[in-house]
Amino acid sequence: MRIFLDTANIEHIRHGVRMGVVTGVTTNPTIISREGKVDYQGLVKEICSIVSGPVSTEVLSQDAKGMIAEAREMAKWAKNVVIKIPASLEGLEATSVLAGENIKVNLTLCFTLNQAVLGTAAEAAFISPFVGRLDDIGEDGMEVVAGIVEYLDYYEMSTQVIAASIRHPQHCLMAARAGAHIATIPYEVLLDMMRHPLTDSGIQRFQDDWNKVMAK
Ligand code: E4P
């Protein structure tokens, strides 16, 4: 499973890339707004220069015509830009037009297998089921991920599943077990994935044992 960062924070993205584990980034209007009143295009271009893989940036229009116009502009920003389009009826229409122009779409705000079935039919390159938000309302977000993966495998489709709205390391484990191609995760979750108290105490013990004898 590939790891994307769900952030627009440049330092966090650089750190993820330095560790050799982050190959893509997803953003949305909320994530961008966390960075303050920024130059949107400039920020996305900078992110695209840091990571080699897909960088998702989301349209704000709600009608297909507006989404398509925004997407065409954003697609010029960098070659690894992917356009996030919401899983609405207007979004489907925009997705199929953009796919026909070889502009990659990440169908976002996906909450059901049916939305994913239609998104793949409209030729979205990526589908993003939102796990945490489904869990929040008492549904099983990971079951939706697993169902979409099973569907894509059965029909041998090339669309990739991005497990999104990830809240904790357990979600990452479950996404990997469900066969998600990608998990897009907050920076703090990435750090938590690597933490273990026995690793920390183990490092300390090796250091202490070495110093007891060798540093004398
Ligand atoms: C994914 O692409 C979205 O940006 C993100 O995962 C949404 O997560 P949230 O539910 O924590 O806002």
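Per-residue packing, averaged as other Cβ atoms within 10 Å, sorts the ranges 204-210, 10-16 into the order 10-16, 204-210, beginning with the highest.
Accessible surface of the stretch 24-134, 1.4 Å probe: 53 percent of it comes from carbon and sulfur atoms. Taking the Cα centre of the stretch 123-216 as reference, the dipole from Cβ charges on Lys and Arg (+1) and Asp and Glu (-1) amounts to some 680 debye. The angle between the Cα long axis of helix 141-154 and the main principal axis of the chain comes to about 70°, on a 0 to 90 degree scale.
Surface analysis of the chain yields an accessible area of 54 Å² per residue, using protein heavy atoms and a 1.4 Å probe.
Using heavy atoms of the protein chains and a probe of 1.4 Å, the accessible area assigned to VAL59 is about 10 Å². Among ASP192, ASP39, the order of accessible area from largest down is ASP39, ASP192, computed with a 1.4 Å probe on protein heavy atoms. With springs only between Cα atoms under 10 Å apart, run a GNM on the chain and tell me which of HIS181, HIS196, HIS171 wobbles the most. Judging by the Gaussian network model, the answer is HIS196. The C-alpha atoms of the chain define a longest principal axis, and helix 169-178 lies at about 60 degrees to it. Near GLU58, the amide H atoms lying under 5 Å from its own belong to LYS84; only residues 5 or more places off or on other chains count, and H is placed 1.01 Å from N. If you restrict to DSSP beta bridges whose two residues both lie in the stretch 5-84, what percentage is antiparallel, to the nearest 5? Bridges in the stretch 5-84 are about 0 percent antiparallel.
For the full complex of protein chains and a 1.4 angstrom probe, list TYR187, TYR154, TYR40 by accessible area with the highest value first.
Largest accessible area first, the residues go TYR154, TYR40, TYR187.
Applying the criteria of a DSSP loop state and at most 10 other Cβ atoms within 10 Å to the GluC sites (Glu not before Pro) of the stretch 122-202 yields GLU156.
Computed from the Cβ-Cβ distance with R0 of 22 Å, the FRET efficiency linking ARG72 to GLU35 stands at 0.35. Rounded to the nearest Hz, the phi-derived 3J(HN,Hα) couplings of the stretch 75-92 under the Karplus curve 6.51 cos²θ - 1.76 cosθ + 1.60 (θ = phi - 60°) are 5, 7, 5, 6, 6, 9, 6, 10, 9, 7, 10, x, 7, 10, 5, 5, x, 4, where x marks glycine and proline.
The values are calculated or read from the model by the stated rules, or taken from the named source; none is laboratory data. Note that this is a predicted model, so its numbers are computed, not measured. Neighbour counts run over all protein chains shown; Cβ positions are idealised from the backbone, glycine included. The protein model used for the area step is the full one, side chains on, heavy atoms only, and it has no ligands, DNA or RNA in it. Shrake-Rupley method; radii C 1.70, N 1.55, O 1.52, S 1.80 Å.
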